[in-house]
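Structure record follows, encoded as structure tokens.
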Amino acid sequence: MVRRTKEEAQETRNSILDAAERVFFEKGVSRTSLADIAQAAGVTRGAIYWHFAHKSDLFTEMFDRVLLPMDELIAATLDPNEPDPLGRVMEICTVCLRDTATDPRRRRVFDILFLKCELVEEMGPVMLRYQTNMREGLAKIEGGLRNAMSKGQMPADLDSKLAAAMMHAFVTGSLRDMLFLPDATDFGAHAAQMVEGMIDALRLSPALRKGHAQRAFGAQRPV
């Protein structure tokens, strides 16, 4: 009986998250109330509050559902025993772009995050969570690149912090482009090729070597 009750509770929770995803997408986050979500899910407001304290909590878990499948890949990039950390980094970026282009749920959730989430006061916790996710994401990308550097897959003098920032900007910028200009690039077909090109840029650019800024500044100083 307890097992069935837990399963039913999880089913209700998933129904609420599914409904929130639909209503957020249709109306935008700030225009959506918990009553709207309860109606769409076919549950009472009390059921919403049983599972989620605030709309921001519901939003955060909705977003986490599309990110959790990436956790295993991310862990592999940081594992010192992983023989191909660069391949895992590239796989993460490719999966993120390709699956967002081809999976309706992932596309809707990123559409909500980038285009339909007005960061008003009630969504303050979401902004903080988003900033935390960005910092953690940058740190994990840099960790994966440093792991690749240790195995000779990337130059030993690569500026890993700057390279991580560029890779993060490439992925998030591509996601935005995909949503604003869906017909401009077929990310489903070309994600792997684009990621490979980005890695080549990081690997080969002299501008991404440690000390480049100091050397360039010194070369420009008048004699």
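The values are calculated or read from the model by the stated rules, or taken from the named source; none is laboratory data. Fair warning: this is a prediction, and the values are worked out from it, not measured in the lab. As a convention, Cβ positions derive from the backbone with ideal geometry for all residues, glycine included, and neighbour counts pool all protein chains shown. With ligands, DNA and RNA removed, areas are computed over all heavy atoms of the protein, side chains included. Shrake-Rupley method; radii C 1.70, N 1.55, O 1.52, S 1.80 Å.
For mean projected area of the Cα convex hull in nm², computed directly from the structure shown, the correct entry in (i) 16.6; (ii) 12.3; (iii) 11.6 is (i). Which residues make up the longest stretch of the chain that has no trypsin sites (Lys or Arg not before Pro) in a DSSP loop with at most 16 other Cβ atoms within 10 Å? Answer from the scan: 32-150. Per residue, the chain exposes 56 Å² of solvent-accessible protein surface, assessed with a 1.4 angstrom probe and all protein chains in place. Lysine pairs in the chain 8 or more apart or on different chains: how many have alpha carbons under 29 angstrom apart? For the chain, qualifying lysine pairs total 12.
Go ahead and set up a Gaussian network model of the chain, Cα springs under 10 Å, then flag whichever of Leu67, Leu145, Leu58 fluctuates most. In this elastic network of the chain, the residue with the biggest mean-square fluctuation among Leu67, Leu145, Leu58 is Leu67. Once both labels are modelled 7 Å past Cα along the beta-carbon direction, what's the Asn81-Ser205 spacing in nm? For the pair Asn81/Ser205, the computed spacing is 3.5 nm. For the chain, the longest principal axis of the Cα atoms and the long axis of helix 85-102 meet at an angle of about 40 degrees. Here segment 22-64 is scanned for amide nitrogen atoms under 18 Å from the site 7 Å beyond the Cα of Glu118 along Cα-to-Cβ, giving 23-37, 55-56, 59. The angle between the Cα long axis of helix 187-204 and the longest principal axis of the Cα atoms of the chain comes to about 30 degrees, rounded to the nearest 10. Can you give the angle from 0 to 90° between the axis of helix 124-150 and the longest principal axis of the chain, with both taken from C-alpha atoms, to the nearest 10? In the chain, helix 124-150 runs at an angle near 40 degrees to the longest axis. Our estimate of slack between Gln131 and Glu61, defined as 0.36 nm per intervening residue step minus the Cα-Cα distance, is 23.6 nm.
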